Every structure is written in structure tokens, then in C-alpha cells.
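Taking it in order: structure first as C-alpha cells, then the write-up.
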Amino acid sequence: MAENSLRDKKKIATRKALAEAAFELAAERGVDGFVVEDIVTKAGYSRRTFANYFSCKEEAIANSLSLDDYLESGDQFEFSPQDHTPLSTIEIFIRRSFTINKLKRLNHLISLSREYPTLRLYVTGALMEMQDFAGRNISEEYGSDYPKEYYHILIGAVFGAILPVLDESFDVNLPEDEEQTEKNNEFNQYMDTVFAHLRKGFS
């Protein structure tokens with residue numbers, strides 16, 4: 001069991017290192033400015049290892065913010081149904097997981113996907129995975145307490161409010177640095193407004 005756990009951790013670390021190298025190269029040179037060989041050289045792995053995790057550089061770039069990054073180390077997506085509603089649970093998840101660095105990373109990925117169409121499909125897929133992750137955990141936690149369609153509508157409403165901020169089609173300034181963690185940044189104020197509206201319609 002311990003050996004399998006160590007092997008899994010190594011796989012996760014390898015995948016993250018390759019994805020991070022791909023993202024850094026994309027940020028520096030643009031998606032068309034490098035090849036897979038540059039990724040493996042930067043990350044310190046072989047091209048064969050890269051092929052074990054990703055089909056192309058675009059997939060690696062899009063996975064530079066993987067699902068397990070949405071929860072801080074040690075956190076769990078588990079809250080007592082007696083103490084929380086699905087809406088309050090997803091609010092806790094969003095506020096804990098969308099740190100400033102992750103918001104900026106998502107914003108950068110979406111900007112890159114607009115500039116490089118070959119990346120768009122993979123970034124869209126990564127965003128859908130994020131929504132699926134949240135929706136799956138919410139529905140598993142609360143089960144038949146709410147109608148099945150309720151969870152899809154709730155997740156759609158929350159992420160539908162966030163994505164226009166990340167793709168800059170809705171003008172909300174993202175915080176510049178980690179010092180802006182209090183309520184004094186526009187994104188937090190915007191999320192306060194979003195959840196205030198949602199609480200009027202989701203109980």
C-alpha cells in the first residue's frame with residue numbers, strides 16, 4: 001500500500017512538473033514558440049515520459065492547473081449536510097480554492113487559449129473538469145436531499161458567474177498580489193454579490 005502511494009505521488013509530481021514547464025514556456029514564448037522537446041528538457045524528463053502523461057504540448061499547458069490544485073493541502077471537499085446547504089458548500093469551495101495565484105493562472109490560460117486556437121479545446125476541457133469535480137462532490141455529499149437537476153443548475157450558475165471574469169468579458173479586476181486577501185479586492189466583492197443573489201434563489 002505504501003509503495004503504491006509513493007508511486008502515485010511520483011506520478012503526480014512528474015505530471016505537474018511537465019505541465020508547469022509547458023505553461024512557463026507558453027507564457028514566455030507563446031504556444032507556437034516551443035516544442036515538446038523544450039518541455040522535457042526544461043522539466044528534466046524524457047520525451048517518452050511526456051508521452052505517458054500528455055498527447056501534445058497544448059494538453060500539458062491546459063493541465064498546469066490540475067484538479068488536485070483546487071484544494072489546499074490537507075483540505076477535503078467534505079462538509080456536514082446538517083451544517084451547510086449545497087450553495088454554502090460550493091461557496092466555501094470557491095473561496096478556499098480560488099486563491100490569487102490560481103485566479104491569475106486561470107486568467108492567463110484563458111487569454112492564451114483566445115490567442116492560440118489549438119489550445120482552446122484543452123483549456124475548455126480543463127474548465128469543464130473543474131466544474132464536474134465540484135458538481136460530483138456536491139451531489140455525492142447531499143445525494144437525494146435535493147433533485148438531481150438542482151446540482152447541475154447550481155454549479156452552472158456559480159461557474160457561469162466566474163468564467164466571464166476570468167476571460168475578461170466582465171470587468172472585475174483580479175487581485176494583484178497575495179496581500180489583497182481581504183474583502184478589499186474587487187473579485188471578493190464580486191463573489192459576495194454573486195452569492196448574495198444566489199442565496200435569494202437557491203435554498
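Every number here is computed from the coordinates shown, using simple stated rules; none is lab data. Note that the structure is predicted; figures quoted are calculated from it, not measured.
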Residue pairs, from the table LYS104/LYS148; LYS10/LYS148; LYS57/LYS102; LYS10/LYS102; LYS10/LYS57, whose Cα atoms sit over 29 Å apart: LYS104/LYS148; LYS10/LYS148
Tail beyond 15 Å, pair distance distribution of the range 108-199 (Cα, percent): 68
